[in-house]
Amino acid sequence: MAGASTLNHASIAANCIPFMNKPDSALRGPIAPRRPSHSQHHGIDRSDEYAWLRADNWQAVMRDPTVLPQDIRAHLEAENTHTTAIMGDSEALQGTLFAEMKGRIKEDDASVPAPDGPFDYYTRFVTGGQHPLFCRRPRGGGEETILIDGNALAEGHAYFRIAQVAHSPDHKLIAYAVDTKGSEYLTAKIIEAETGAVVEAEVTDACGGIEWAADSETLLYVWLDEEHRPRKLFAHTTGDAHADSLIHDQTDPGLFLDIDQTQDGKYLLLSTHDHETSEVSLIDAAAPETEPRLVAPREAEHEYSVSHHEGRLIILTNSGGAEDFRIVEAPADDPAPANWTEIEPHRPGRLILDVIAFKDYLVRLERENGLPRIVIRRFADGNEHEIAFDEEAYALGVSAGFEYDTTTLRFTYSSMTTPSQTYDYDMATRERVLRKTQEIPSGHDPSQYVTRRVFAPAKDGETVPVTLLYRKDTKLDGTAPLLLYGYGSYGITIPAGFMSNALSLVDRGFVYAIAHIRGGKEKGFAWYKNGKRAKKTNTFTDFIAAGEYLAAENITSRGRIVAQGGSAGGMLMGAVANMAPDLFLGVIAEVPFVDVLTTMLDATLPLTPPEWPEWGNPIDSADDYKTIAAYSPYDNVGPQAYPNILAVAGLTDPRVTYWEPAKWVAKLRVNATSDNLILLKTNMEAGHAGASGRFDRLKEVALSYAFALKLARQS
């Protein structure tokens with residue numbers, strides 16, 4: 001059956017796509033033509049045979065995918081047809097996996113209501129619905145008002161996502177922003193809360209963040225330019241036909257621009273930042289069109305964030321050599337660094353992740369020895385306590401909610417075996433009330449699973465934390481296949497939280513593992529710093545070390561490991577496939593950032609200038625060029641026996657453009673010396689996050705998991 005489907009695809013490729021060469025074999029897949037493009041940087045010549053896959057009109061494609069040049073579209077569709085044909089023998093399995101994962105979702109689920117003044121706000125789903133409903137009811141109970149019906153709004157759109165929702169301080173208006181292409185260009189709209197009547201059908205067609213000012217009439221929004229960069233902050237007055245007022249124009253393409261609000265609602269926070277430097281200005285929420293007031297001027301590698309508390313600012317900062325951050329305070333009317341007074345010192349190895357300033361309590365989320373914790377400080381006397389947890393590895397999240405004068409802190413807890421639990425914690429009485437436990441309708445018995453934290457020795461003597469999940473009855477004698485997930489960039493920590501989808505692999509004998517490699521912040525800020533720029537290869541060797549350790553410990557064996565990562569984690573996938581191909585049975589690379597050198601050399605792409613602090617600037621620096629060229633997955637593809645590879649892309653992805661995985665697969669296919677599978681699946685109607693519906697997304701997960709299971713059964 002699979003063979004027939006594959007042969008049919010070969011015929012399609014030969015007869016309907018004249019620009020393509022016929023594949024060498026039905027299993028090999030489409031062979032993209034080579035059209036060398038030459039460039040020179042720092043005296044180094046470079047040739048790129050597949051640069052033509054980058055559409056010259058890529059900006060237009062982000063807004064309208066139908067304008068993609070036909071030769072590129074034909075190639076991507078041929079790749080999709082090939083992937084469908086090769087995976088045809090797993091269609092029944094994909095259907096089973098989809099049904100299992102869907103069966104673990106409570107279809108009529110709802111969030112725990114969050115109080116704000118006279119109302120409780122929450123989201124809920126309806127049975128069969130793909131998108132959330134945003135709702136409210138009188139505080140403590142009463143008749144529900146559906147503010148936004150995501151399912152109704154999604155009708156007629158191949159892709160639909162509600163990106164942001166904000167209610168006005170007087171609760172009369174609702175602003176929300178939607179994405180209908182997957183390109184993250186948002187359209188903001190304003191409606192009446194009680195009636196749903198449209199007040200403003202379209203505030204802007206290229207918006208980022210949105211926040212209401214205190215007057216409940218002024219909506220501040222971030223405007224994105226044609227390069228998809230957050231460029232300007234505007235103030236829009238509801239019902240006013242005049243042009244929106246420009247509050248700030250960010251002309252540096254290397255910086256992101258965000259708008260936020262303090263917990264007490266007194267200030268709007270204008271933030272400009274890259275991945276290692278930040279600058280915050282205060283906007284009086286009662287006078288939003290006044291000049292923003294700078295807190296501390298931008299200084300290279302100084303990161304800080306701001307809260308407001310009773311006339312003073314609470315500032316989380318890494319200044320003064322506080323690599324893992326410290327907390328200071330300053331008068332709000334004169335917040336210059338000269339007036340900063342320390343209230344929580346830096347402690348090496350204890351990374352402070354976030355702070356929330358309530359009226360009577362300061363909450364901080366921190367991590368030490370790889371595990372998060374919540375610490376509560378009473379402002380009145382400085383007395384502190386922490387919220388304790390028992391499991392060996394777990395994930396924590398805190399929610400600030402809408403209110404400032406409250407003693408209630410909401411947090412979520414989960415582990416690899418424990419479904420997510422939502423608690424309300426009284427910071428005064430220290431009473432913890434369970435408000436919700438994630439329901440698994442098809443059933444889940446945590447006692448049948450084991451979660452562990454082990455440490456893999458890296459080549460330089462460091463130890464890499466690895467979180468494991470497996471069934472109690474899984475034999476750890478080297479025969480179990482293992483899925484090893486990794487990310488390792490931007491300081492992002494991969495939590496050891498509950499993932500119901502992973503149970504579909506674990507219940508079939510897989511061990512599920514997360515490698516907490518350098519480039520994240522699992523072991524403090526230094527863990528991040530030692531996995532970026534000139535030290536980026538630590539990320540890759542850590543991941544390889546984790547796989548080798550798990551094999552040496554008989555948790556799995558070499559050649560039984562399927563690696564998985566997405567975005568910058570997809571770059572990791574490409575790098576380890578080049579560096580240690582025999583360690584892996586397969587590689588699943590989702591929206592993979594694999595053409596690192598080309599992208600960092602192209603200052604016109606949306607994220608390139610802001611990304612230079614993370615990777616280096618190969619345009620200006622020969623050293624950075626050589627560093628990136630030495631590991632960039634696409635540039636280092638060569639003749640060798642690659643593992644089986646599945647790459648997944650999104651046509652309208654502004655973060656990792658579709659042509660990166662397309663070029664990578666094209667180059668892999670002509671260089672691979674083995675008969676292993678090399679597959680590319682491009683979602684032609686979505687971007688970086690894949691399909692937008694909660695069930696449609698599961699079909700993409702089912703494809704990846706079916707790929708892993710197919711390999712494990714055939715090996």
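Any read-out appearing in this document is the output of simple, stated calculations on the displayed coordinates, not a laboratory observation. From a predicted model like this one, the values you see are computed outputs, not experimental measurements. As a convention, Cβ positions derive from the backbone with ideal geometry for all residues, glycine included, and neighbour counts pool all protein chains shown.
Taking a ≥ b ≥ c as the square roots of the eigenvalues of the alpha-carbon gyration tensor, the stretch 556-715 is classed oblate because a/c is 1.5 or more while a/b is no larger than b/c.
Our note on the geometry: Cα centres of the stretch 123-143 and the stretch 238-266, 30 Å apart. Here's how it looks for SER567: its modeled amide H is under 5 Å from those of GLU590, VAL591, PHE593, which are all 5 or more places away or on a different chain. Net charge in the neighbourhood of ALA336 (other residues with Cβ under 14 Å of its Cβ; Lys, Arg +1, Asp, Glu -1) is -2. Our summary gives the stretch 170-265 a relative contact order of 19 percent, counting only alpha carbon pairs under 8 angstrom and 6 or more residues apart.
With the helix formula -39500 (n - 2.57) applied to DSSP H stretches of n ≥ 4, the chain reaches a computed 222 nm mean residue ellipticity of -6000 deg cm²/dmol. Once both labels are modelled 7 Å past Cα along the beta-carbon direction, what's the ASP89-ALA630 spacing in nm? Placing both labels 7 Å along Cα→Cβ, they lie 4.2 nm apart. Exposure proxy shown here: for HIS82, HIS308, the number of other Cβ atoms within 10 Å sets the order, fewest to most, as HIS308, HIS82. Converting phi to 3J(HN,Hα) with the Karplus coefficients 6.51, -1.76 and 1.60 and the offset θ = phi - 60°, the stretch 65-78 yields x, 5, 8, 4, x, 5, 5, 5, 4, 4, 5, 4, 5, 5 Hz in sequence order, with x at every glycine or proline.
How long are the semi-axes of the ellipsoid equivalent to the stretch 157-294, from square roots of 5 times the Cα gyration tensor eigenvalues, in whole Å, largest first? Let's see the in-between values first.
Details: eigenvalues 101, 78, 33 Å².
Ellipsoid semi-axes (Å, largest first): 22, 20, 13.
So if R0 is 22 Å, what FRET efficiency would ARG378 and LEU434 give, r being the distance between their Cβ atoms, rounded to the nearest 0.05? With a Förster radius of 22 Å, E is 0.40. Basic side chains Lys and Arg get +1 at the Cβ, acidic Asp and Glu get -1 at the Cβ, and with that the dipole of the chain about its Cα centre reaches some 2920 debye. Counting only alpha carbon atoms, the long axis of helix 537-552 and the longest principal axis of the chain meet at about 70°.
Scalar couplings 3J(HN,Hα) for the stretch 267-274, obtained by applying the Karplus form with A = 6.51, B = -1.76, C = 1.60 to θ = phi - 60°, are 10, 9, 10, 9, 10, 10, 6, 10 Hz; x denotes Gly and Pro. Put simply, when 188-199, 499-510 are sorted by average Cβ atoms within 10 angstrom per residue, most first, you get 499-510, 188-199. For ARG435, the residues 5 or more places off, or on other chains, whose built amide H falls under 5 Å of its own are THR422, TYR423, ASP424. Between 0 and 90 degrees, the angle of helix 568-579 with respect to the longest Cα principal axis of the chain falls at about 30 degrees.
Using the Cβ of HIS516 as centre and a radius below 10 Å, the other residues enclosed give a net charge of +2, where K and R count +1 and D and E count -1. Fewest-first ordering of CYS207, CYS135 by other beta carbons within 10 Å of each residue's beta carbon gives CYS135, CYS207. Ranked by the mean number of other Cβ atoms within 10 Å of their residues, highest first, the peptides 369-377, 102-110 come out as 369-377, 102-110.
Summary value for the chain: 11 percent relative contact order, contacts being C-alpha pairs under 8 angstrom separated by 6+ residues. For the stretch 246-356, the Stokes-Einstein estimate of translational diffusion at 20 °C and a viscosity of 1.002 mPa s comes to 149 µm²/s, using the Kirkwood hydrodynamic radius over alpha-carbon pairs. Packing, taken as the mean count of other beta carbons within 10 Å per residue, orders the peptides 379-386, 273-280, 398-405 from highest to lowest as 273-280, 398-405, 379-386. The Cα-based radius of gyration and maximum Cα-Cα distance (Dmax) for the chain are 25.6, 79 Å.
Ordering ILE387, ILE588 from the fewest to the most neighbouring beta carbons within 10 Å gives ILE387, ILE588. Counting only alpha carbon atoms, the long axis of helix 659-671 and the longest principal axis of the chain meet at about 20°.
Amide H to amide H distances under 5 Å link VAL199 with ILE190, ILE191, GLU192, where only residues 5 or more positions off or on other chains count and H is placed in the peptide plane. All other residues whose Cβ lies under 13 angstrom from that of THR412 are scored, Lys and Arg at +1 and Asp and Glu at -1, for a net of +3.
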